[in-house]
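Laboratory data are not the source of any read-out in this text; all were calculated from the coordinates shown. Being a predicted model, the structure only gives us computed values, none of them experimental.
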Amino acid sequence: MPRMRNQATRSQLSEIRLRSLPRAATLLALLLPLLTSGCLGLPNPLIRVDAPSVLLLDVRSLQSRDPEQRLELDLLVQNRNNFDLVLDGMRLELDINEQRVARAVSNKPVSIGRLGETRVTVQASITLLDAARSLLTPRRREPNGALKYRIAGDVFVAEPRSTRVAFNDGGEVLPGASATAR
């Protein structure tokens, strides 16, 4: 009799193994793309992309015939990640003393090495409404004569995975000098 129980137990075990095989195969099929995406060059959803730091370096006025004024903004974009970033676009708004001054978009691809930085130039627009609001608002300056700025928006990351990352940085603009970060 003990032999019979042993045989029954073995047959029950192999039946249990066969029934759990589809579950294991399903689980493996679901996890395999996540586990191998780094090897295959597929976007890895597990990579967290930190927002780059975007600092205002310079502002230049461009010739314009429309009621809209055009500016050229020089930005310093710093990659705070431990891997290279490839950006395929950005959009931003520039505020000075808490008043929106300009808006900009760019679709120029930019590559930034890990823990590196690069200079990016974008053209921005000042609408008639933004210009009027800016002129009507009294300018508050710091004791050293500086104006506070805030630059906020999104960068569109192409690599290491396609995503949109928001940024929000600021500093001071000293008359006749480049901007400084806070």
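Derived scalar couplings between HN and Hα for region 160-170 equal x, 8, 6, 7, 10, 10, 7, 9, 7, 10, x Hz in order, rounded to whole Hz, by the Karplus curve 6.51 cos²θ - 1.76 cosθ + 1.60 (θ = phi - 60°), x for Gly and Pro. 3J(HN,Hα) along region 89-101: x, 7, 9, 8, 10, 10, 10, 10, 6, 6, 10, 5, 10 Hz, from the Karplus curve 6.51 cos²θ - 1.76 cosθ + 1.60 with θ = phi - 60°, whole Hz, x for Gly and Pro. Taking amide H positions as modeled 1.01 Å from N, with prolines and chain starts lacking one, the residues under 5 Å from Arg80 and 5 or more places away or on another chain are Ser53. Amide H contacts of Val101 (H built 1.01 Å from N, in plane; Pro and chain starts excluded): Leu94, Asp95, Ile96 sit under 5 Å, all sequence-distant by 5 or more or on other chains.
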